[in-house]
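Below is one structure; the comments refer to it alone.
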Amino acid sequence: MNLHFLGHSAAQLTDGDTTVLIDPFLTGNPKAAVAADDVQADAILLTHGHVDHIGDSVVIAQRTGATVQAITEIAEELAGQGVEAIDTNLGGTWTYAWGSVRLLPALHTSVTPGGTVSEPAGLLIEIGGKRIYHVGDTALFSDLKLASRYGRIDVALVPIGGHYTMDRFDAVTAAEWIGADTVVPVHYGTFPRIETDAQAFKADVEQAGYAQVAVLAPGETLTV
Ligand code: NI
Ligand code: MN
């Protein structure tokens, strides 16, 4: 399974047959590794409705025919735009031919550019025999501990940029609580307000023995 970091909070997972696109904020993202017109997807997964996550979902889904899985209220908005939307809510799981995606709580806010208010979510994804936890935008909160109930987490994508989410210091504790083998820091460095030191985060997490940290530049791939 390959995890291709696309910049900000966006990532692409591929198991050789299937391409899953998470939070495809590409247009207007100064760190985007790919243009919205060039990205492939069989399925798009959204953590929440903020523009730096919902991004180019609609145009990519319309071009590729990808389904879009999001929390109920966002899925309803997207379905009205001709997208095949999967409307899970928190705690719910959708099973695909290639794996499954469970929506877990996140501690943040969520409104789409179209005005749809909902809860935010994290995504627990099983693909290619691996378990990936994209925690979405969130503050540090103790329910991050719950995701490992479903089995060992291979990779967790964790925001470290602060201001809109937890910062790199709280994210060290998140790495401890999530208990993933590998942590990929996301949601930093895109804009001045979320600049931070990803290498210092890596050193803190690895010296504590909580996880390995893979600091990926936009466009880089982690093979799991
Ligand atoms: Ni957000
Ligand atoms: Mn965000």
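With the simple spin-label model, which puts each label point 7 Å out from Cα in the Cβ direction, the Asp17 to Glu176 separation comes to 4.1 nm. The trypsin sites (Lys or Arg not before Pro) of the range 72-167 that meet both conditions, a loop assignment by DSSP and at most 16 other Cβ atoms within 10 Å of the site Cβ, are Arg152.
Of all DSSP beta bridges located in the chain, what percent are antiparallel, nearest 5? Approximately 60 percent, going by the DSSP bridge assignments. Across the chain, the mean sequence separation of Cα contacts (distance under 8 Å, 6 or more residues apart), normalised by length, yields a relative contact order of 17 percent.
Comparing Leu144, Leu46, Leu90 in a Gaussian network model of the chain, where Cα atoms under 10 Å apart are tied by springs, the biggest mean-square fluctuation is seen for Leu90. Across all Cα pairs in the chain, the calculated P(r) in 5 Å bins from zero up to the longest distance comes to 1, 8, 17, 21, 23, 17, 9, 3, 1, 0 percent per bin.
Per-residue ellipticity at 222 nm from helix content only, as computed over the chain with -39500 (n - 2.57) for each DSSP H run of at least four residues, stands at -5000 deg cm²/dmol.
Each of Gln62 and Glu76 was given a label point 7 Å from its Cα along the Cα-to-Cβ line. The distance between the two points is 2.3 nm. A straight Cα-to-Cα reach below 21 Å connects Lys31 with the lysines Lys202, residues fewer than 8 places away in its own chain not being considered.
Ordering Ser57, Ser118, Ser110 by the number of other Cβ atoms within 10 Å of each residue's own Cβ, fewest first, gives Ser118, Ser110, Ser57.
Counting only DSSP beta bridges with both residues in the range 15-142, the antiparallel share comes to about 65 percent. The aspartates and glutamates within cross-link reach of Lys130, meaning a Cα-to-Cα straight distance under 14 Å and a gap of 8 or more places when in the same chain, are Asp15, Asp154, Asp181.
Values quoted throughout were computed directly from the atomic coordinates according to the rules given, and no laboratory measurement underlies them. Predicted model only: the values in this text are computed from it and were never measured. Note: ideal-geometry Cβ built from the backbone for every residue, glycine included; neighbour counts use all protein chains shown.
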